[in-house]
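Please read the structure below before turning to the comments.
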Amino acid sequence: MLENGDLIFVKESSDMGRAIQTSTGSYSHVAIFLEGLIYHASAEAGVSCQKPADFFESNRIYDLYVYPDIEPLRVKERACQHLEASYNASFYPDGDGFYCSQYIAEILPIFETIPMKFGDGDQEISDFWSDYYRELGLPVPVNQPGTNPSQLAASPLLKCKERNLYDSDF
């Protein structure tokens, strides 16, 4: 089912996942499948690649998208250049390392940056993000240039391949 160059968008129910989805849209994570491995940036491992069996989890929903004009070998070359980079937990555009959509936009440079949002529909900055950035000792980077998984998925350059997949579908 997974094909070289597929972009994997994740919906999840963790606190961080829900906060990202509430602020930005349907997805909280994005990764790319290249030559049998999944490349992504995560808080747990920074930029890494792993086997699909180690990536997919039962408490998440996955949607697959494709970029029809992808050059998988070139993208994999870029992806490998950043392996083991740290995770950009600040989400600042000049922060060390990469967050997930920032990494994908770096290795597949077809996406624009947009002003980042951290609200919840009622407040410009949700309680989750206020607490998160208080612990980091940083101001919330509202309207700083950035990316997010839902924004990438909405790109007119991508085509949706399959929706609402679970770990058992892979």
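Potential lengthening of the chain between Asp54 and Asn143 amounts to 28.6 nm, from the contour at 0.36 nm per residue minus the alpha-carbon distance.
Electrostatic bookkeeping for Gly5 treats Lys and Arg as +1 and Asp and Glu as -1; over the other residues with beta carbon under 11 Å from its beta carbon, the sum is -2. For the listed peptides 132-139, 18-25, 44-51, 147-154, a ranking on the average number of other beta carbons within 10 Å per residue, highest first, reads 147-154, 18-25, 44-51, 132-139. Once the Cα atoms are used to define both axes, helix 72-81 deviates from the longest principal axis of the chain by about 50 degrees. Basic side chains Lys and Arg get +1 at the Cβ, acidic Asp and Glu get -1 at the Cβ, and with that the dipole of the chain about its Cα centre reaches some 300 debye. The accessible surface of the chain, taken with every protein chain in place and a 1.4 Å probe, is 47 percent carbon and sulfur. State whether region 1-49 is rounded, prolate or oblate according to the following rule on the C-alpha gyration tensor (a ≥ b ≥ c being the square roots of its eigenvalues): a/c under 1.5 gives rounded; otherwise a/b larger than b/c gives prolate, and the remaining case gives oblate. Cα axes put region 1-49 in the oblate bin. Across region 44-49, rounded Karplus estimates of 3J(HN,Hα) from the backbone phi angles (6.51 cos²θ - 1.76 cosθ + 1.60, θ = phi - 60°) give 6, 10, x, 7, 8, 10 Hz, Gly and Pro being marked x. Straightening the chain between Asp131 and Arg18 buys 39.2 nm, computed as 0.36 nm per residue apart minus the Cα-Cα spacing.
Highest mean first, the peptides 118-124, 74-80 sorted by other C-beta atoms within 10 Å per residue fall in the order 74-80, 118-124. In this simple spin-label approximation, Ala43 and Leu157 carry label points 7 Å from Cα along the Cα→Cβ vector, and these lie 2.9 nm apart. 3J(HN,Hα) couplings calculated from phi for region 20-31 with the Karplus curve 6.51 cos²θ - 1.76 cosθ + 1.60 (θ = phi - 60°) are, in sequence order, 5, 5, 5, 7, 10, x, 6, 10, 10, 8, 9, 9 Hz; Gly and Pro show x.
Per-residue 3J(HN,Hα) values for region 8-17, derived from phi via the Karplus relation 6.51 cos²θ - 1.76 cosθ + 1.60 with θ = phi - 60°, read 10, 9, 10, 10, 9, 10, 5, 4, 5, x Hz in sequence order (x marks Gly and Pro). Amide H contacts of Tyr27: Ser150, each under 5 Å away and 5 or more positions distant or on a separate chain (H built 1.01 Å from N in the peptide plane; Pro and chain starts excluded). Summed over the residues of the chain and divided among them, the accessible surface reaches 50 Å² per residue at a probe radius of 1.4 Å.
The values are calculated or read from the model by the stated rules, or taken from the named source; none is laboratory data. Not measured: the values here are computed from a predicted model. Note that each Cβ is placed from the backbone with ideal geometry, even for glycine, and that neighbours are counted across all protein chains shown. Ligands, DNA and RNA are excluded from the accessible area calculation, which covers all protein heavy atoms including side chains. Shrake-Rupley method; radii C 1.70, N 1.55, O 1.52, S 1.80 Å.
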